[in-house]
1. Out of (1) more than 17 Å from residue 70 (Cβ to Cβ); (2) part of a helix (DSSP H, G or I), the odd one out for residue 51 is which?
2. Suppose the filter is outside any helix (DSSP H, G or I) and either assigned by TED's automatic domain parsing to the domain that holds residue 45 or surrounded by fewer than 14 Cβ atoms within 10 Å (Cβ to Cβ) (or both); does residue 207 pass it?
3. Could you identify the single residue in 57, 72 that is assigned to a helix (DSSP H, G or I), touching a helix residue (DSSP H, G or I) at 6+ places or on another chain (Cβ under 7 Å) and farther than 24 Å from residue 139 by Cβ?
4. In region 148-170, which residue that is surrounded by fewer than 17 Cβ atoms within 10 Å (Cβ to Cβ) and in contact (Cβ under 8 Å) with a residue 12 or more places away in the chain is nearest to residue 117 (Cα to Cα)?
5. What are the residues in region 119-143 that are modelled with pLDDT under 70 and touching a helix residue (DSSP H, G or I) at 6+ places or on another chain (Cβ under 8 Å), if any?
6. Quick one: is residue 87 over 30 Å from residue 203 (Cβ atoms) and either out of contact with any helix residue (DSSP H, G or I) (no Cβ under 7 Å at 6 or more places or on another chain) or surrounded by fewer than 11 Cβ atoms within 10 Å (Cβ to Cβ) (or both)?
7. With the checklist (1) loosely packed, with under 14 Cβ neighbours inside 10 Å; (2) at pLDDT below 85; (3) part of a helix (DSSP H, G or I) in hand, flag the one item residue 116 doesn't pass.
8. All but one of (1) loosely packed, with under 14 Cβ neighbours inside 10 Å; (2) in a helix (DSSP H, G or I); (3) more than 27 Å from the chain's Cα centre (by Cα) hold for residue 222, so report the exception by its number.
């Protein structure tokens, strides 16, 4: 513990000095750091997907730097400091874990913990807080859909049995097919959205992270397509001049290399 406290104290001291002596750090604002924080968060997410633990450690350091930097800027405005930030999260964690720090019994159920968490979040405001208020507007649509469904589930709005979700998926596929036959682009887009939403819901119910699942397929496609392109260039050919059948043959080779 002493080593951790010493390292955190050093980071605070470094930020203080950089804020005073470095022209770049001195010019940063909450707004200017925002886009950099988003970039760092994606880099951390990439490292996690690759299960690259040394890289995860590095990216967590970058995120920690940003947290301390934001708090430093806020302290200069006499708004709050890093101590306030830590006290805030400590109080929140204790309050939202009454089964650990209180006498609430969840019978070892992670689902019950999630339901309690969402219920307690609603009580933290003035009683008028909406269930979905905490979902950021700027969040990517796929991640947002998953978070919306998690929050709705947290207050009991969910399927009784997860297998029931597949009927909804089939229903949305049929409705999409109907609109495709009518060739109405606006309605097709709406039905595609409904189908995506239903599939995200299915992923959640089966404990699959839809963002991670889709990224896994993205990376697989990139790897196979790069193989296709490289093999084509090695043979002195151009993808534009090849037939789909010729490309499929190399594509199947790429799949076998996996």
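The values are calculated or read from the model by the stated rules, or taken from the named source; none is laboratory data. Worth saying up front: this structure is predicted, and the values here are computed from it rather than measured. A quick note on method: Cβ atoms are made from the backbone with ideal geometry, for glycine too, and the neighbour counts reach across all protein chains shown.
1. (2)
2. Yes, satisfied.
3. The match here is 72.
4. 155
5. Answer for region 119-143, where residues must be modelled with pLDDT under 70 and touching a helix residue (DSSP H, G or I) at 6+ places or on another chain (Cβ under 8 Å): just 124.
6. yes
7. Unmet for residue 116, out of (1) loosely packed, with under 14 Cβ neighbours inside 10 Å; (2) at pLDDT below 85; (3) part of a helix (DSSP H, G or I): (1).
8. Unmet for residue 222, out of (1) loosely packed, with under 14 Cβ neighbours inside 10 Å; (2) in a helix (DSSP H, G or I); (3) more than 27 Å from the chain's Cα centre (by Cα): (3).
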